[in-house]
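Structure record follows, encoded as C-alpha coordinates.
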Amino acid sequence: MPEKIILEEQGLRDGLQTLTRVFSTEQKLAWARQLAASGLRRIQVASFVHPKLVPQMADAEAIFAGLPSDSSVVYSALVLNVRGVERAIAAGVKHLAISLSASDTHSQRNARMTLKEAKQAFQEMTHLAKAHGIAVRGGIQCAFGCRFEGHIEASIVLQLVEHHLALGVDELALADSTGMANPRSLKALMTEVLRLAGSVPVALHLHNTENKGYANVYAAVEAGVRQFDTAFGGLGGCPFIRNASGNIATEDTVHMLHQMGCETGIDPRAVAQVSLGMEALLEQPLPGMLYKLLQNQDICLI
Ligand code: ZN
(Lines give C-alpha, C1' and ligand atoms only; values in the text may rest on other atoms or scores of the structure.)
Protein backbone atom coordinates (compact mmCIF):
# COMPACT_ATOMS: atom_id res chain seq x y z
CA MET A 1 0.00 0.00 0.00
CA PRO A 2 1.52 3.34 -1.00
CA GLU A 3 1.67 5.92 1.77
CA LYS A 4 -0.86 8.70 1.32
CA ILE A 5 0.82 12.03 2.05
CA ILE A 6 -1.11 15.23 2.67
CA LEU A 7 0.52 18.49 1.63
CA GLU A 8 -0.66 21.86 2.86
CA GLU A 9 0.14 24.68 0.44
CA GLN A 10 1.56 27.66 2.32
CA GLY A 11 2.75 29.85 -0.52
CA LEU A 12 -0.18 32.24 -0.28
CA ARG A 13 0.59 32.92 3.38
CA ASP A 14 4.18 32.01 4.32
CA GLY A 15 5.30 32.86 0.79
CA LEU A 16 3.48 36.11 0.08
CA GLN A 17 4.16 37.60 3.51
CA THR A 18 7.90 37.62 2.80
CA LEU A 19 7.54 39.55 -0.46
CA THR A 20 7.63 43.33 -0.43
CA ARG A 21 5.08 43.46 -3.22
CA VAL A 22 1.44 43.32 -2.11
CA PHE A 23 -0.86 41.38 -4.46
CA SER A 24 -4.54 42.02 -5.01
CA THR A 25 -7.25 39.90 -3.43
CA GLU A 26 -8.38 38.84 -6.91
CA GLN A 27 -4.90 37.65 -7.80
CA LYS A 28 -4.61 35.66 -4.57
CA LEU A 29 -8.02 34.07 -5.12
CA ALA A 30 -7.02 33.13 -8.65
CA TRP A 31 -3.91 31.41 -7.27
CA ALA A 32 -6.01 29.62 -4.64
CA ARG A 33 -8.33 28.29 -7.38
CA GLN A 34 -5.37 27.22 -9.51
CA LEU A 35 -3.70 25.46 -6.57
CA ALA A 36 -6.92 23.67 -5.61
CA ALA A 37 -7.30 22.56 -9.23
CA SER A 38 -3.81 21.02 -9.07
CA GLY A 39 -5.15 18.59 -6.46
CA LEU A 40 -4.09 20.33 -3.24
CA ARG A 41 -6.71 19.70 -0.57
CA ARG A 42 -5.23 21.96 2.11
CA ILE A 43 -4.33 25.56 1.38
CA GLN A 44 -3.36 28.22 3.91
CA VAL A 45 -4.61 31.43 2.38
CA ALA A 46 -4.21 34.19 4.94
CA SER A 47 -3.21 35.29 8.39
CA PHE A 48 -5.32 37.45 10.65
CA VAL A 49 -2.56 39.73 11.88
CA HIS A 50 -2.40 43.48 12.23
CA PRO A 51 -2.58 44.98 8.72
CA LYS A 52 0.06 47.56 9.62
CA LEU A 53 2.51 44.82 10.65
CA VAL A 54 1.84 42.55 7.68
CA PRO A 55 0.22 44.58 4.88
CA GLN A 56 0.49 41.57 2.54
CA MET A 57 -2.21 39.87 4.62
CA ALA A 58 -4.47 42.88 5.18
CA ASP A 59 -7.25 41.37 3.02
CA ALA A 60 -7.73 38.18 5.08
CA GLU A 61 -11.50 38.78 5.46
CA ALA A 62 -11.95 39.49 1.75
CA ILE A 63 -10.01 36.33 0.87
CA PHE A 64 -12.31 34.13 2.94
CA ALA A 65 -15.38 35.89 1.56
CA GLY A 66 -14.16 35.21 -1.97
CA LEU A 67 -13.15 31.55 -1.66
CA PRO A 68 -15.26 28.96 -3.48
CA SER A 69 -17.55 26.96 -1.21
CA ASP A 70 -15.77 23.75 -2.10
CA SER A 71 -15.96 21.43 0.90
CA SER A 72 -13.24 19.15 -0.50
CA VAL A 73 -10.58 21.79 0.19
CA VAL A 74 -9.60 22.97 3.66
CA TYR A 75 -8.68 26.66 3.57
CA SER A 76 -6.82 27.64 6.71
CA ALA A 77 -5.45 30.78 8.27
CA LEU A 78 -2.78 31.68 10.79
CA VAL A 79 -3.46 33.70 13.92
CA LEU A 80 -1.10 35.15 16.49
CA ASN A 81 -3.47 36.47 19.15
CA VAL A 82 -7.05 36.46 20.45
CA ARG A 83 -7.97 39.41 18.23
CA GLY A 84 -6.91 37.31 15.25
CA VAL A 85 -9.09 34.40 16.40
CA GLU A 86 -12.06 36.76 16.77
CA ARG A 87 -11.56 38.06 13.24
CA ALA A 88 -11.24 34.49 11.92
CA ILE A 89 -14.48 33.47 13.66
CA ALA A 90 -16.30 36.43 12.10
CA ALA A 91 -14.85 35.51 8.69
CA GLY A 92 -16.17 31.96 8.96
CA VAL A 93 -12.76 30.25 9.03
CA LYS A 94 -13.01 26.51 9.80
CA HIS A 95 -9.35 25.66 10.36
CA LEU A 96 -6.82 27.76 12.27
CA ALA A 97 -3.10 27.43 12.81
CA ILE A 98 -2.05 28.62 16.26
CA SER A 99 1.53 28.24 17.39
CA LEU A 100 4.20 29.13 19.87
CA SER A 101 7.98 28.92 19.74
CA ALA A 102 10.01 26.24 21.52
CA SER A 103 12.73 28.87 21.95
CA ASP A 104 12.15 31.30 24.78
CA THR A 105 14.47 33.87 23.18
CA HIS A 106 12.77 33.61 19.78
CA SER A 107 9.40 33.93 21.50
CA GLN A 108 10.47 37.09 23.32
CA ARG A 109 12.00 38.69 20.22
CA ASN A 110 9.33 37.63 17.75
CA ALA A 111 6.13 37.57 19.81
CA ARG A 112 7.26 39.70 22.76
CA MET A 113 6.20 36.93 25.14
CA THR A 114 8.14 34.51 27.30
CA LEU A 115 7.43 30.85 26.55
CA LYS A 116 5.32 30.72 29.71
CA GLU A 117 3.22 33.68 28.52
CA ALA A 118 3.01 32.18 25.04
CA LYS A 119 1.58 28.96 26.49
CA GLN A 120 -1.09 30.97 28.28
CA ALA A 121 -1.93 32.89 25.10
CA PHE A 122 -2.02 29.64 23.10
CA GLN A 123 -4.49 28.22 25.59
CA GLU A 124 -6.82 31.24 25.36
CA MET A 125 -6.75 31.22 21.55
CA THR A 126 -7.31 27.47 21.35
CA HIS A 127 -10.24 27.53 23.77
CA LEU A 128 -11.87 30.38 21.89
CA ALA A 129 -11.44 28.75 18.48
CA LYS A 130 -12.65 25.35 19.63
CA ALA A 131 -15.67 26.90 21.36
CA HIS A 132 -16.66 28.13 17.90
CA GLY A 133 -16.20 24.76 16.26
CA ILE A 134 -12.95 25.66 14.55
CA ALA A 135 -10.36 22.92 14.05
CA VAL A 136 -7.04 23.91 15.61
CA ARG A 137 -3.61 23.01 14.38
CA GLY A 138 -1.25 23.44 17.32
CA GLY A 139 2.14 24.50 16.09
CA ILE A 140 5.61 24.51 17.62
CA GLN A 141 8.07 26.87 15.92
CA CYS A 142 11.84 26.42 16.10
CA ALA A 143 11.30 22.78 17.09
CA PHE A 144 14.63 21.77 15.56
CA GLY A 145 16.83 24.72 16.44
CA CYS A 146 16.87 28.46 16.96
CA ARG A 147 19.19 31.08 15.49
CA PHE A 148 19.41 32.77 18.91
CA GLU A 149 19.60 29.75 21.23
CA GLY A 150 21.02 27.11 18.89
CA HIS A 151 20.05 23.58 19.90
CA ILE A 152 16.57 23.13 21.35
CA GLU A 153 16.27 20.25 23.81
CA ALA A 154 13.96 17.48 22.64
CA SER A 155 12.41 17.41 26.11
CA ILE A 156 11.14 21.00 25.62
CA VAL A 157 9.51 20.10 22.32
CA LEU A 158 7.95 16.94 23.74
CA GLN A 159 6.57 18.90 26.70
CA LEU A 160 4.97 21.36 24.28
CA VAL A 161 3.51 18.47 22.27
CA GLU A 162 1.91 17.20 25.49
CA HIS A 163 0.74 20.72 26.30
CA HIS A 164 -0.97 21.04 22.92
CA LEU A 165 -2.49 17.56 23.11
CA ALA A 166 -3.89 18.25 26.58
CA LEU A 167 -5.73 21.26 25.14
CA GLY A 168 -7.37 19.02 22.54
CA VAL A 169 -5.72 20.31 19.37
CA ASP A 170 -6.99 18.54 16.24
CA GLU A 171 -3.57 18.35 14.70
CA LEU A 172 0.04 19.11 15.60
CA ALA A 173 2.58 20.91 13.45
CA LEU A 174 6.29 21.08 14.16
CA ALA A 175 8.13 23.79 12.30
CA ASP A 176 11.76 23.89 11.31
CA SER A 177 11.39 27.65 10.97
CA THR A 178 15.13 28.11 10.53
CA GLY A 179 15.99 25.08 8.39
CA MET A 180 18.35 23.76 11.08
CA ALA A 181 16.97 20.21 11.28
CA ASN A 182 19.01 17.35 9.89
CA PRO A 183 17.57 14.03 8.71
CA ARG A 184 18.86 11.94 11.62
CA SER A 185 17.90 14.20 14.51
CA LEU A 186 14.57 14.95 12.84
CA LYS A 187 13.78 11.27 12.46
CA ALA A 188 14.63 10.64 16.12
CA LEU A 189 12.49 13.52 17.39
CA MET A 190 9.56 12.79 15.06
CA THR A 191 9.50 9.15 16.16
CA GLU A 192 8.98 10.38 19.73
CA VAL A 193 6.43 13.00 18.72
CA LEU A 194 4.37 10.51 16.69
CA ARG A 195 4.36 8.10 19.64
CA LEU A 196 3.02 10.84 21.95
CA ALA A 197 0.51 12.09 19.39
CA GLY A 198 -1.14 8.71 18.85
CA SER A 199 -4.14 9.24 16.58
CA VAL A 200 -3.65 13.02 16.35
CA PRO A 201 -2.11 13.86 12.95
CA VAL A 202 1.32 15.47 12.96
CA ALA A 203 2.47 17.81 10.20
CA LEU A 204 5.95 19.11 9.49
CA HIS A 205 6.64 22.63 8.29
CA LEU A 206 10.09 22.57 6.72
CA HIS A 207 12.17 25.43 5.44
CA ASN A 208 15.00 24.80 3.02
CA THR A 209 17.32 27.42 4.48
CA GLU A 210 20.32 25.08 4.68
CA ASN A 211 19.27 22.99 1.64
CA LYS A 212 18.32 19.95 3.76
CA GLY A 213 14.57 20.33 3.32
CA TYR A 214 14.02 17.39 0.98
CA ALA A 215 16.40 15.10 2.86
CA ASN A 216 14.33 15.95 5.92
CA VAL A 217 11.11 15.05 4.08
CA TYR A 218 12.59 11.63 3.34
CA ALA A 219 13.67 11.10 6.95
CA ALA A 220 10.25 12.20 8.19
CA VAL A 221 8.41 9.81 5.86
CA GLU A 222 10.66 7.03 7.15
CA ALA A 223 9.72 8.03 10.71
CA GLY A 224 6.01 7.83 9.81
CA VAL A 225 5.12 11.49 9.15
CA ARG A 226 2.37 11.76 6.53
CA GLN A 227 1.74 15.49 6.37
CA PHE A 228 3.93 18.37 5.21
CA ASP A 229 3.67 22.09 4.55
CA THR A 230 5.08 23.27 1.24
CA ALA A 231 4.98 26.41 -0.90
CA PHE A 232 4.76 26.59 -4.69
CA GLY A 233 8.12 27.46 -6.22
CA GLY A 234 9.68 27.25 -2.76
CA LEU A 235 8.42 30.72 -1.89
CA GLY A 236 8.82 31.97 1.63
CA GLY A 237 11.81 32.42 3.79
CA CYS A 238 12.54 34.47 6.80
CA PRO A 239 12.11 38.22 6.47
CA PHE A 240 14.75 38.74 9.16
CA ILE A 241 17.53 36.77 7.49
CA ARG A 242 18.87 38.08 4.19
CA ASN A 243 18.84 35.55 1.34
CA ALA A 244 17.21 32.90 3.51
CA SER A 245 15.73 30.34 1.14
CA GLY A 246 12.06 29.55 1.56
CA ASN A 247 9.77 26.65 2.28
CA ILE A 248 10.32 23.35 0.54
CA ALA A 249 8.70 23.66 -2.89
CA THR A 250 5.33 21.98 -3.40
CA GLU A 251 6.00 20.64 -6.88
CA ASP A 252 9.52 19.40 -6.01
CA THR A 253 8.20 17.63 -2.90
CA VAL A 254 5.25 16.12 -4.79
CA HIS A 255 7.52 14.82 -7.54
CA MET A 256 9.98 13.26 -5.09
CA LEU A 257 7.17 11.64 -3.08
CA HIS A 258 5.61 10.21 -6.25
CA GLN A 259 8.97 8.80 -7.28
CA MET A 260 9.19 7.18 -3.84
CA GLY A 261 5.84 5.50 -4.46
CA CYS A 262 3.79 7.79 -2.21
CA GLU A 263 0.42 9.26 -3.22
CA THR A 264 -0.42 12.95 -2.92
CA GLY A 265 -3.24 13.47 -5.42
CA ILE A 266 -1.39 16.57 -6.65
CA ASP A 267 -0.23 17.26 -10.20
CA PRO A 268 3.29 18.76 -9.99
CA ARG A 269 3.01 20.20 -13.50
CA ALA A 270 -0.10 22.15 -12.53
CA VAL A 271 1.63 23.57 -9.44
CA ALA A 272 4.67 24.45 -11.57
CA GLN A 273 2.41 26.59 -13.75
CA VAL A 274 1.56 28.71 -10.69
CA SER A 275 5.27 29.08 -9.92
CA LEU A 276 6.04 30.07 -13.51
CA GLY A 277 3.34 32.73 -13.32
CA MET A 278 4.79 34.06 -10.09
CA GLU A 279 8.32 34.10 -11.50
CA ALA A 280 7.06 36.16 -14.43
CA LEU A 281 5.32 38.64 -12.11
CA LEU A 282 8.32 39.00 -9.79
CA GLU A 283 10.78 39.01 -12.70
CA GLN A 284 13.14 36.83 -10.68
CA PRO A 285 13.60 33.11 -10.19
CA LEU A 286 12.05 31.34 -7.21
CA PRO A 287 14.06 28.85 -5.11
CA GLY A 288 12.24 25.73 -6.41
CA MET A 289 13.95 23.62 -9.08
CA LEU A 290 11.27 21.50 -10.72
CA TYR A 291 9.20 24.34 -12.15
CA LYS A 292 12.27 25.60 -14.02
CA LEU A 293 12.68 22.16 -15.58
CA LEU A 294 8.99 22.07 -16.45
CA GLN A 295 9.28 25.28 -18.43
CA ASN A 296 9.96 22.76 -21.21
CA GLN A 297 6.34 21.62 -21.47
CA ASP A 298 6.97 18.19 -22.98
CA ILE A 299 9.85 17.15 -20.74
CA CYS A 300 9.60 13.63 -19.34
CA LEU A 301 9.22 13.00 -15.61
CA ILE A 302 9.52 9.50 -14.22
ZN1 ZN B 1 7.37 28.99 7.51
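The values are calculated or read from the model by the stated rules, or taken from the named source; none is laboratory data. All of these numbers come straight from a predicted model, not from anything done at the bench. Virtual Cβ from ideal backbone geometry, glycine too; neighbours counted across all protein chains shown. Keep in mind that these areas ignore ligands, DNA and RNA; they rest on the heavy atoms of the full protein, side chains included. Shrake-Rupley method; radii C 1.70, N 1.55, O 1.52, S 1.80 Å.
I need the full set of residues from the range 256-302 which are open to solvent by 50 Å² or more (accessible area, probe 1.4 Å) and under 23 Å from His207 (Cβ atoms), in order please. Answer for the range 256-302, where residues must be open to solvent by 50 Å² or more (accessible area, probe 1.4 Å) and under 23 Å from His207 (Cβ atoms): His258, Gln259, Met260, Leu281, Gln284, Pro285, Pro287, Met289, Lys292, Leu293. Listed by position, the helices (runs of 4 or more DSSP H) inside the range 8-96 whose residues that are closer than 26 Å to Gly234 by Cβ and in contact (Cβ under 8 Å) with a residue 60 or more places away in the chain number at least 2 are 25-37.
Filter the range 191-212 down to residues that are more than 17 Å from the chain's Cα centre (by Cα) and surrounded by 18 or more Cβ atoms within 10 Å (Cβ to Cβ) and give me whichever is nearest to Asp104 (Cα to Cα). Selected residue: Val193.
Among the residues of the range 212-257, the ones that are part of a loop (DSSP other than H, G, I, E, B) and either hydrophobic (A, V, I, L, M, F, W, C) or at pLDDT below 95 (or both) come to 14 in all. Could you list, in sequence order, all residues of the range 15-28 that are open to solvent by 10 Å² or more (accessible area, probe 1.4 Å) and within 14 Å of the ligand (Cβ to nearest atom)? Answer for the range 15-28, where residues must be open to solvent by 10 Å² or more (accessible area, probe 1.4 Å) and within 14 Å of the ligand (Cβ to nearest atom): Gln17, Thr18, Leu19. The set of residues in the range 146-169 that are crowded, with 16+ Cβ neighbours inside 10 Å and in contact with a strand residue (DSSP E or B) (Cβ under 8 Å, 6 or more places away or on another chain) comprises Cys146, Ile152, Val157, Leu160, Val161, His164, Leu167, Val169.
Quick one: in the range 29-76, which of the residues that are of a type in the set (Lys, Arg) and under 17 Å from the mean Cα position of the chain (by Cα) is surrounded by the fewest Cβ atoms within 10 Å (Cβ to Cβ)? Among those that are of a type in the set (Lys, Arg) and under 17 Å from the mean Cα position of the chain (by Cα), it is Arg41. Of all residues in the range 191-213, those satisfying the criterion of being of a type outside the set (D, E, K, R) and either within 30 Å of Met289 (Cα to Cα) or within 16 Å of the ligand (Cβ to nearest atom) (or both) are Thr191, Pro201, Val202, Ala203, Leu204, His205, Leu206, His207, Asn208, Thr209, Asn211, Gly213. Considering the conditions (1) open to solvent by 10 Å² or more (accessible area, probe 1.4 Å); (2) of a type outside the set (Ser, Thr, Tyr); (3) closer than 28 Å to Ile302 by Cα, Ala249 is excluded by exactly one of them, (1). Checking each residue in the range 157-174 for being within 17 Å of the chain's Cα centre (by Cα) and either closer than 11 Å to Thr126 by Cα or modelled with pLDDT under 95 (or both) picks out Val169, Asp170. Of all residues assigned to the range 262-282, none qualifies as being within 16 Å of the ligand (Cβ to nearest atom) and within 24 Å of Val193 (Cα to Cα). Of the candidates Ala173, Ala188, Ala129, the single residue that is in contact with a Gly (Cβ under 7 Å, 6 or more places away or on another chain) and either more than 16 Å from the ligand (Cβ to nearest atom) or outside any helix (DSSP H, G or I) (or both) is Ala173. Residue pairs whose Cβ atoms lie under 7 Å apart, separated by 6 or more positions or on different chains, with the first residue in the range 259-271 and outside any loop (DSSP other than H, G, I, E, B) and the second at pLDDT 95 or above and open to solvent by 70 Å² or more (accessible area, probe 1.4 Å), are Glu263/Lys4; Ala270/Ala37. When Ala135, Ala129, Ala143 are screened for being at pLDDT 95 or above, open to solvent by less than 10 Å² (accessible area, probe 1.4 Å) and more than 20 Å from Gly224 (Cα to Cα), only Ala129 passes.
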